Amino acid sequence: ELAELYDTLELPLVPVLVDIERAGVSIDGPALASQSEKIDQELNRLAASIYEQAGEEFNINSPKKLSEVLFDRMGMKTETIRRTTKTKAQSTSFEVLEELALAHELPRRVLEWRALMKLKGTYIDALPQLMHRHTRRVHTCFNQAVAATGRLSSSDPNLQNIPIRTEVGREIRRAFVAEPGNVLISADYSQIELRVL
């Protein structure tokens, strides 16, 4: 019994979404480049702190090496020992590091380092590369029937997961700019629902 919803809401939305996808969104490339430099400095600072606490330099991005440093060299322990499938090394997953971070500074720094690396790779450095060569805009795809909640989702690139609670996330969001005479709006779906209720 969803034909009415499809006919009156979902189907008429398709051309609107197509127009939005085709229009794309402008991004401030120089602002992202500047942010990339700042993040590089912060990553270097965090790496130096990690190396100092570990007593050696190592590939922070290597789960195997990180496992050796945390568990073999520094003797850290977790409630449950989790091993990776491939190497059988003790896991350094987010959950494991979060548990260790409750008692140790080093895993806390590694979590900060990983979060910044992810933002840098996924958004700060990637978005300028995703600008269309002719329009100089980023063109995402909106998906009507992917999210279980019924909300729209965005892919290629995914623009809906840019964090807003951190300063870095807010800086990334500020890099999305409107053309002169236009504005960008941000609408939180759940808040719209609450206001309708």
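Odds and ends about this structure:
- A compact globular protein would have a Cα radius of gyration near 2.2 N^0.38 Å; the ratio found for the chain is 1.32.
- The mean sequence distance of close C-alpha pairs (under 8 Å, at least 6 residues apart), as a share of the length of the chain, puts its relative contact order at 26 percent.
- In a fully extended conformation the segment linking ASN161 and ARG136 would gain 6.8 nm over its present Cα-Cα distance, using 0.36 nm per residue.
- Å² per residue, accessible surface of the chain at 1.4 Å: 67 Å²
- Residues of the stretch 1-27 with amide N under 15 Å of the 7 Å Cα→Cβ point at GLU179: 19-27
- Amide H contacts of PHE58 (H built 1.01 Å from N, in plane; Pro and chain starts excluded): no residue 5 or more places away or on another chain comes under 5 Å.
- Note on GLN41/ALA3: beta-carbon distance plugged into 1/(1 + (r/R0)^6) with R0 of 35 Å gives a FRET efficiency of 0.05.
- Pairwise FRET efficiency - SER49 versus LEU102, Cβ, R0 = 25 Å, nearest 0.05: 0.85
- For ILE27, the residues 5 or more places off, or on other chains, whose built amide H falls under 5 Å of its own are VAL138, VAL177.
- LYS65/ALA148 FRET efficiency (R0 41 Å; Cβ-Cβ; nearest 0.05): 0.65
- Only protein atoms count toward the accessible area here, which uses a 1.4 Å probe; on the stretch 17-145, the carbon and sulfur part of that area reaches 51 percent.
- Its DSSP H runs of at least 4 residues, each contributing -39,500 (n - 2.57), put the calculated 222 nm mean residue ellipticity of the chain at -13500 deg cm²/dmol, to the nearest 500.
- Relative contact order (percent, whole number), the stretch 10-111, Cα cutoff 8 Å, 6+ residue spacing: 20 percent
The values are calculated or read from the model by the stated rules, or taken from the named source; none is laboratory data. It should be emphasised that the depicted structure is a prediction, and the values quoted were computed from it without experimental measurement. So basically every Cβ, Gly included, is an ideal-geometry build from the backbone, and we count neighbours across all protein chains shown. Side chains are part of the model used for accessible areas, which takes the heavy atoms of the whole protein and leaves out ligands, DNA and RNA. Shrake-Rupley method; radii C 1.70, N 1.55, O 1.52, S 1.80 Å.
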